[in-house]
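The values are calculated or read from the model by the stated rules, or taken from the named source; none is laboratory data. Note that the structure is predicted; figures quoted are calculated from it, not measured. FYI the Cβ positions are ideal-geometry reconstructions off the backbone, even for glycines, and counts take in every protein chain you see.
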Amino acid sequence: MLGHADYRMPVPGLYLCGAGAHPGGGVTGAPGHNAAQAVLKDRKKLERF
């Protein structure tokens, strides 16, 4: 989906972290790591308010 390449989906709180996410499948665990970084970044934004 265009506009959703940063692991965030249109539903608030839903993140894509599987083999279909960048940088792709394999056994690296990179998509999960990158999605977790997005979750932490969003959480820090919410804690400021």
Selected residue (criterion: nearest to Leu2 (Cα to Cα)) from residues of the range 24-49 that are exposed (fewer than 10 other Cβ atoms within 10 Å of the Cβ) and modelled with pLDDT under 80:
Gly26
Would you please list the contacts, defined by Cβ atoms under 6 Å and residues six or more apart or on different chains, that run from a residue in the range 34-49 that is in contact (Cβ under 8 Å) with a residue 40 or more places away in the chain to a residue that is of a type in the set (Ser, Thr, Tyr)?
none
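In this structure, is Ala5 outside any loop (DSSP other than H, G, I, E, B), within 13 Å of the chain's Cα centre (by Cα) and small (Gly, Ala, Ser)?
Details: outside any loop (DSSP other than H, G, I, E, B): no; within 13 Å of the chain's Cα centre (by Cα): yes; small (Gly, Ala, Ser): yes.
Judged against the criteria, Ala5 is not a match.
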